[in-house]
Amino acid sequence: MIDVTGQISAVERRIGDRLLPAGQARVLTVSQTYDAPAEDVFDACTNPERIPRWFLPVSGDLGVGGRYRIEGNAEGTVQRCDPPHGFAATWEFGGEVSWIEVRLSDAGAGRTRFALEHVAHVDDQRWAEYGPGAVGIGWDLALLGLASHFGAAGEGVDPASAAEWMGSDEGRRFVTASGDRWTEASVDAGTPAAQAHAAGERVAAFYTGAEV
């Protein structure tokens with residue numbers, strides 16, 4: 001059993017924007033504190049033998065300038081690596097390029113604050129249709145995997161059975177709750193409430209297979 005309410009509440013979600021050379025970009029940030037030192041969290045996020053235990057198999061060169069590929073997901077180039085404080089990389093998916101940066105900071109008592117920032121050019125039409133949940137729910141699932149990885153009892157979602165879990169009542173509850181929080185973050189960022197809720201319902205339906 002996963003504490004869906006506890007995990008959803010443990011994550012902070014923010015939405016902002018940033019002006020890049022190519023134009024305005026959306027900035028999505030997720031963060032959570034883990035009961036592990038920064039060195040261990042950094043290793044879990046960069047060691048190709050550990051990443052599949054909480055996320056997905058990864059291949060390629062994870063050194064600065066190297067190309068990586070996440071099985072069934074994105075690929076990109078590692079742009080910066082500053083152990084154990086974080087790293088940055090391009091995130092290339094569906095023919096589009098966005099950027100991720102992971103920052104790790106000391107949270108005291110051997111704990112570490114993990115923050116992931118995802119920067120992407122998203123046009124107004126697509127934002128209105130799907131909102132932040134389109135990628136935010138996926139990052140929520142990743143943070144759940146990492147929380148499970150550091151859990152004392154080792155409980156949580158095994159990446160190998162994640163798809164099956166997503167179809168369970170518990171998985172649908174998690175996705176729905178995540179979508180609701182991203183809708184709230186979208187409204188807080190200035191999106192009209194009706195638009196944010198409609199987008200949130202469409203994305204949650206995509207993840208759960210429900211009809212809108």
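Some observations on this one:
- Residue, farthest from residue 32 (Cα to Cα), within region 102-135, restricted to residues that are touching a Gly at 6+ places or on another chain (Cβ under 7 Å) and buried (at least 17 other Cβ atoms within 10 Å of the Cβ): 131
- Criterion (closer than 24 Å to residue 120 by Cβ and out of contact with any Lys or Arg (no Cβ under 8 Å at 6 or more places or on another chain)) met by exactly one of 94, 86: 94
- Within region 45-84, considering residues that are at pLDDT below 95 and of a type in the set (Lys, Arg), the one most open to solvent (accessible area, probe 1.4 Å): 53
- On inspection, residue 42 fails the criterion of being open to solvent by 20 Å² or more (accessible area, probe 1.4 Å), under 27 Å from residue 166 (Cβ atoms) and among the aromatic types (Phe, Trp, Tyr).
- Among the residues listed as 90, 112, 46, 77, the single one being hydroxyl-bearing (Ser, Thr, Tyr) and under 17 Å from residue 27 (Cβ atoms): 90
- Number of residues in region 1-31 that are in contact with a Phe, Trp or Tyr (Cβ under 8 Å, 6 or more places away or on another chain), under 21 Å from residue 82 (Cβ atoms) and buried (at least 19 other Cβ atoms within 10 Å of the Cβ): the value is 1.
- Per-region count, region 92-101, residues out of contact with any Asp or Glu (no Cβ under 7 Å at 6 or more places or on another chain) and open to solvent by 30 Å² or more (accessible area, probe 1.4 Å): 6
- Scanning region 136-155 for residues that are open to solvent by 40 Å² or more (accessible area, probe 1.4 Å) and at pLDDT below 90 returns 152, 153, 154, 155.
- Qualifying positions in region 159-187 - within 14 Å of residue 133 (Cβ to Cβ) and open to solvent by less than 40 Å² (accessible area, probe 1.4 Å): 174, 175, 177, 178, 179, 182, 183, 185, 186
- Residues being in contact (Cβ under 8 Å) with a residue 40 or more places away in the chain and in a helix (DSSP H, G or I) - total across region 44-70: 6
- Filtered residues of region 8-36 (kept if among the charged types (D, E, K, R) and part of a strand (DSSP E or B)): 12, 13, 14, 17, 18, 26
The values are calculated or read from the model by the stated rules, or taken from the named source; none is laboratory data. It should be emphasised that the depicted structure is a prediction, and the values quoted were computed from it without experimental measurement. FYI the Cβ positions are ideal-geometry reconstructions off the backbone, even for glycines, and counts take in every protein chain you see. The protein model used for the area step is the full one, side chains on, heavy atoms only, and it has no ligands, DNA or RNA in it. Shrake-Rupley method; radii C 1.70, N 1.55, O 1.52, S 1.80 Å.
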